[in-house]
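Everything below concerns the one structure shown next.
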Amino acid sequence: MHKRIIRKPKSISNRLEVVASRLRDLFGVPVRKRRLPDPLDLLVATILSQNTNDINSHKAYLNLKSRYPDFMDLAVARPREVERLIKVGGIANKKSKTIVAVVAQIQKKFAGFEKRKLRRENRDTLIDLLTELNGVGYKTASCVALFALGDDDAFPVDTHVHRVLNRLGIVCQKTPDKTYLAVRDSIPKGMGFEIHLNLIKFGRKVCTAQKPRCYECVLFDVCDWKEKNLGAEKKAPVADEDKIQFMLLEEV
Ligand code: SF4
């Protein structure tokens with residue numbers, strides 16, 4: 001009888017579990033800081049981190065914090081002064097206006113922006129509330145849930161996470177926001193923190209934007225990216241039996 005191997009599609013959640021397991025072997029389990037950051041501090045820090053590196057965004061954050069120890073005071077700050085303080089972080093003109101406007105909206109809309117109050121909201125409701133603020137997108141909102149509120153089912157999608165999930169073929173989406181909407185209900189329970197951080201590390205070190213290191217990739221055999229073989233040359237790792245976890249083999 002003629003035999004054929006069929007690769008059955010698996011759910012997003014199943015595929016993320018496999019990715020999580022491989023990346024855990026590679027990078028370990030990321031550890032949370034013992035004390036979670038304040039939600040408003042985290043929100044402002046996330047806006048500052050856009051389109052810059054970690055060092056410059058941290059410098060901008062410290063400059064801002066030294067002048068405004070309580071970020072709620074930014075609601076009445078002059079954008080020009082904020083711009084001067086965060087200049088080192090890049091696109092300060094735009095970020096300063098966004099930060100002042102977002103904090104002013106928070107002051108009006110939320111009766112307190114403390115962890116205790118925010119945790120009373122269901123995650124999707126909270127993310128909807130936050131994304132109604134001009135200047136806050138899904139990534140920033142889910143960063144607040146994941147990092148400041150300790151919600152391990154939240155899953156921010158940044159440029160690295162978006163790129164890797166699309167190359168792997170787990171989703172087929174054009175923007176990080178669309179990728180977020182496609183995966184947010186499929187994150188394996190309690191694993192948002194681990195998968196998010198390990199995917200970012202993987203996107204920075206292995207599956208980079210310009211020259212992905214497919215030849216040494218632990219996800220090579222489960223990656224759908226058509227161009228992976230170009231970068232793999234002859235160094236592609238041979239998939240051993242227990243690595244082929246996406247594939248359900250069936251004889252027909
Ligand atoms: S095989 Fe290449 S494209 Fe696919 S996940 Fe690995 S590094 Fe990225």
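For (1) assigned by TED's automatic domain parsing to the domain that holds residue 101; (2) in contact with a Phe, Trp or Tyr (Cβ under 7 Å, 6 or more places away or on another chain); (3) under 19 Å from residue 195 (Cα atoms), each residue gets a yes or a no:
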| site | (1), (2), (3) |
| --- | --- |
| 19 | no, no, yes |
| 22 | no, no, yes |
| 28 | no, no, yes |
| 44 | yes, yes, no |
| 48 | yes, yes, no |
| 54 | yes, no, no |
| 60 | yes, no, no |
| 63 | yes, no, no |
Original post:
helices (runs of 4 or more DSSP H) wholly in segment 1-115 with at least 1 residues that are of a type outside the set (Phe, Trp, Tyr) and exposed (fewer than 14 other Cβ atoms within 10 Å of the Cβ) - which ones?
Top reply: 12-27, 54-67, 79-85, 92-109
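Can you give me the ranges of the helices (runs of 4 or more DSSP H) entirely in segment 118-186 with at least 2 residues that are among the small types (Gly, Ala, Ser) and more than 16 Å from the ligand (Cβ to nearest atom)?
Of the helices (runs of 4 or more DSSP H) lying wholly inside segment 118-186, those with at least 2 residues that are among the small types (Gly, Ala, Ser) and more than 16 Å from the ligand (Cβ to nearest atom) span 138-143.
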**OP:** Find the residue count for segment 207-226, including only residues that are free of Cβ contacts under 8 Å to residues at least 12 places away in the same chain and either near the ligand (Cβ under 7 Å from one of its atoms) or among the charged types (D, E, K, R) (or both).
**Re:** 1
Subject >> Test set (1) in contact with a Pro (Cβ under 8 Å, 6 or more places away or on another chain); (2) surrounded by 14 or more Cβ atoms within 10 Å (Cβ to Cβ); (3) outside the structural domain of residue 219 (by TED's automatic domain parsing) - residue 119 fails condition number >> reply: (1)
Subject >> In segment 198-219, residue nearest to the chain's Cα centre (by Cα) [restricted to those that are modelled with pLDDT of 95 or more, crowded, with 20+ Cβ neighbours inside 10 Å and not in a loop (DSSP other than H, G, I, E, B)] >> reply: 199
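The values are calculated or read from the model by the stated rules, or taken from the named source; none is laboratory data. Small disclaimer: the values here were computed from a predicted structure and weren't measured. When we count neighbours, we look across all protein chains shown, and the Cβ atoms used for this are built from the backbone with ideal geometry, even at glycine.
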